[in-house]
Amino acid sequence: MLTKKPLAKTDVALSQLALGTVKFGRNQSVKYPTAFDLPTDSQMADLILNALDHGITTLDTAPAYGIAEQRLGEFLKKSKCRHSLTLISKAGESYDTQSDSSHYDYSIKSLEKQLENSLRTLNTDYLDVWLLHSDGQDVQNLTDEVITLFDKKKQSGLVRATGMSTKTVEGGERALTFFDCIMMAASLDYPAENSLFDYAEDQGKSILLKKIFNSGHALTTDNKQATLKATFSTLFAHNSLCSAVIGTTNPKHLQENIDALTGKTI
């Protein structure tokens, strides 16, 4: 059974692994090594409930993940397990299926609208974590006005914790100065932003991780088991790490991640 860790100084606690939901809602213009079909409603529900049984209580989603929020909202309504889960969503990026392209808008009006849409679509009154979704221009997009908006939404109770999904060290530092956390990329092959682990610890803030297996590419070799174990032992050694997102629709792959993190033979 996986454990939970407090997110910075908030009352939010995230499971060691978070289940990413890109593959629940979008299979176009993604960076995974192989093509895939979206899971059926039944398959998606079974995977989430299986994850819950093993202590994975955190789901990571976004408006940019196609129909993922819509499908999660329908699941939450039917399963009535909202309060057993912590939900992470984002704002700033949207995805259009027809044009197969992302659109970025960091205006206050757009960010507020995306939050309203996420709450309605997910069938929830609040988000546990709300992140600004980066287009790579972290510092430029993280304006004083945006910071004020995120703080306002936290104070109102619509979100319990704030952060940014970043792509640069500079952006990560700015976000950690004002927000509770960042979601950054880190893997055995990508240590470029690792200085942010210590920066977050010094600030009393938390790190969430994305792309820990390079969008699955690191697990396509014969050294899969060694890569799983080495990744978790290396990344989870950092005190500021709160949770790492894994994206899968395969129950076997989910179990392999759980076993590697908990030290079981895989």
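The values are calculated or read from the model by the stated rules, or taken from the named source; none is laboratory data. None of the values given here were measured: they were computed from a predicted structure. Positions of Cβ are generated from backbone atoms using ideal geometry, with glycine treated the same way; all protein chains shown enter the neighbour counts.
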Filter segment 113-135 for residues that are without any contact (Cβ under 8 Å) to a residue 40 or more places away in the chain and touching a strand residue (DSSP E or B) at 6+ places or on another chain (Cβ under 9 Å); the one that is nearest to residue 156 (Cα to Cα) is 126
Condition set among the acidic types (Asp, Glu) and over 19 Å from the mean Cα position of the chain (by Cα), scope segment 128-171, selection surrounded by the most Cβ atoms within 10 Å (Cβ to Cβ): answer is 151
Hits in segment 49-96 (condition: closer than 22 Å to residue 242 by Cβ, among the basic types (Lys, Arg) and not in a strand (DSSP E or B)) = 82
Applying the selection to segment 159-191, what residues are outside any loop (DSSP other than H, G, I, E, B) and either among the hydrophobic types (A, V, I, L, M, F, W, C) or modelled with pLDDT under 95 (or both)?
-> 159, 164, 169, 175, 176, 178, 181, 182, 183, 184, 185
Among what's in segment 37-48 and is surrounded by 13 or more Cβ atoms within 10 Å (Cβ to Cβ) and of a type outside the set (Asp, Glu), pick the residue that is nearest to the chain's Cα centre (by Cα).
-> 48
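Table: residues versus (1) modelled with pLDDT under 95; (2) under 15 Å from the mean Cα position of the chain (by Cα).
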{"residue": "214", "(1), (2)": "yes, yes"}
{"residue": "217", "(1), (2)": "yes, no"}
{"residue": "224", "(1), (2)": "yes, no"}
{"residue": "231", "(1), (2)": "no, no"}
{"residue": "234", "(1), (2)": "no, no"}
{"residue": "238", "(1), (2)": "no, no"}
{"residue": "242", "(1), (2)": "no, yes"}
{"residue": "246", "(1), (2)": "no, yes"}
Taking the options 202, 222, name whichever one is surrounded by fewer than 17 Cβ atoms within 10 Å (Cβ to Cβ), within 30 Å of residue 175 (Cα to Cα) and without any contact (Cβ under 8 Å) to a residue 24 or more places away in the chain.
-> 202
If we only count helices (runs of 4 or more DSSP H) wholly inside segment 192-266, which ones have 1 or more residues that are closer than 22 Å to residue 176 by Cα?
-> 195-203, 224-235
Conditions (1) touching a helix residue (DSSP H, G or I) at 6+ places or on another chain (Cβ under 6 Å); (2) assigned to a helix (DSSP H, G or I); (3) within 20 Å of residue 14 (Cβ to Cβ) -> residue 119 fails only (1)
So, in segment 1-31, of the ones that are under 17 Å from residue 131 (Cα atoms) and touching a Pro at 6+ places or on another chain (Cβ under 8 Å), which residue ends up surrounded by the most Cβ atoms within 10 Å (Cβ to Cβ)?
-> 12
